[in-house]
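Novice: Here you go, one structure.
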Amino acid sequence: MVEKMNSEFFEALSLLQKENNIDPQALVETVRSGMLKAIKKDYPYCENIVVDIVPESGRFEMKILKEIVEGEPEDPDNQISLDEARTLDENAYVGGTAEILLDPRRFGRVAAQNAKQSIKHEIKDIERERLLEQYKDKVYECVSATVQKVEPATLNASITIDGSEAYLVRNEQIPGEVLTPGDIIKVYVVGIANPEKKPSIKVSRTHRELVKRLFEREIPEIADGTVEVKAISRVAGARSKIAVVSHDPNVDAVGACIGPAKSRITSIVRELRGEKIDVIPWEEDTAAFIARSLAPAEVTEVRINEASEAKECRVVVPDNQLSLAIGNRGQNAKLAAGLTGYRIDIISKTDAAIKDAEEQEDDAEEDVIDEIMEETEDTAQEDIMQEPAEDNAADSVEENAAGE
């Protein structure tokens, strides 16, 4: 009967290990800990409780160890008389230890339930730690995922990453893309959600860092540090701008990113479902970089507002380039602002000339006003200077009259 029970126990243990994908030794320790807690509730004053679980030999024993004493024990929970000990082992002796086996069938439902709950809790902790360990190296990285299911109503997708399940919600999917079960996609791991309970990874296909990670995977020069990504701006599903610089004078940063016959950038565009990508040479000179960021539009002049604490500038473009510089729904201007960190006011060359003329008129008016104010101040000052002289003259007349 005991052998059959042990066999069933280890079969259940093996099934538990497979279902939870837990290390066998860790699971054995978890079960042992749970059993110890359960026994302790039934025998709260026993100090020596042992649970032996040896899968290799199929041994599963629960026992209480008691000290063998002469005569009546003073502490029955931890001591046993010699006579009683010899009913268990004829070789028992005073000062030795008696092993009292516990029958799991006599544990009672409460003890069994306590053990089950404890084991369940321990397994959850192990699973949580395993997931955190598995996820920590993936945070802020681009990883491959397989689409398992797409909910028809919300279009949220269940995906698996190295055997672990994750959830790609609709607003983190590239606008316009249609996912189907079996698709293998690249996602950016934003972070870990709910780490204290049941952790899961938060993933995105709209994050701008996904573009950077894809470039690192596809462009060897970026992976080895020869070419550096300085800035990225993205409108997911529509367009991205990426600024790059080469640390090797013999390597063209833009050419390395595009690749022969656009082979490198094409694979990235394909992964992003046709999203257009502008590769911009990064410039130390801020004005030059702002001008490049508005490509494909031509820029006539960049005026940076040095007086403003905020990063602001005005960009002048040819009249026929204004709509191209701004882009559909302001997209090109928005991407350029995100890439450079500047608030960009784009105007045509004609409007710039009108504004310059108006500003010159305003300046001229201000100069006239300043001159009038200066003249008024000078006149007032002269009047003040003359008043004491007149007063002195009057005083002299009065003195002369008095003298006469």
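The values are calculated or read from the model by the stated rules, or taken from the named source; none is laboratory data. Predicted model, so just to flag it, every value in this text is computed and none were measured. Positions of Cβ are generated from backbone atoms using ideal geometry, with glycine treated the same way; all protein chains shown enter the neighbour counts.
Novice: Within region 136-143, can one find any residue that is more than 30 Å from ALA223 (Cα to Cα) and surrounded by fewer than 15 Cβ atoms within 10 Å (Cβ to Cβ)?
Specialist: no
Novice: A further question follows. In region 329-340, which residues are surrounded by fewer than 18 Cβ atoms within 10 Å (Cβ to Cβ) and free of Cβ contacts under 8 Å to residues at least 40 places away in the same chain?
Specialist: ARG329, GLY330
Novice: Do the conditions hold for LYS198, that is, is it part of a loop (DSSP other than H, G, I, E, B) and more than 18 Å from GLU275 (Cβ to Cβ)?
Specialist: yes
Novice: Counting just the residues of region 174-205 that are of a type in the set (S, T, N, Q) and surrounded by fewer than 17 Cβ atoms within 10 Å (Cβ to Cβ), which one comes out farthest from TYR140 (Cα to Cα)?
Specialist: Taking the candidates together, the pick is THR180.
Novice: May I pose another question? Consider ILE174 against the criteria (1) β-branched (Val, Ile, Thr); (2) touching a helix residue (DSSP H, G or I) at 6+ places or on another chain (Cβ under 9 Å); (3) not in a strand (DSSP E or B): it satisfies all of them except one. Which criterion is unmet?
Specialist: It is condition (2) that ILE174 fails.
Novice: Across region 26-79, what is the number of residues that are in a strand (DSSP E or B) and under 48 Å from the mean Cα position of the chain (by Cα)?
Specialist: Result for region 26-79: 10.
Novice: Among the residues of region 301-310, is any free of Cβ contacts under 8 Å to residues at least 12 places away in the same chain, under 28 Å from ASP356 (Cα atoms), in a loop (DSSP other than H, G, I, E, B) and of a type in the set (S, T, N, Q)?
Specialist: yes
Novice: Still on this model: For ALA295, indicate whether it is under 32 Å from the mean Cα position of the chain (by Cα), part of a loop (DSSP other than H, G, I, E, B) and surrounded by 14 or more Cβ atoms within 10 Å (Cβ to Cβ).
Specialist: Judged against the criteria, ALA295 is a match.
Novice: Mind checking which residues of region 155-183 are at pLDDT 95 or above and among the acidic types (Asp, Glu)?
Specialist: GLU172, ASP183, listed by residue number.
Novice: Given the condition touching a residue at least 40 places away in the same chain (Cβ under 8 Å), hydroxyl-bearing (Ser, Thr, Tyr) and in a helix (DSSP H, G or I), answer yes or no: does some residue in region 235-255 qualify?
Specialist: no
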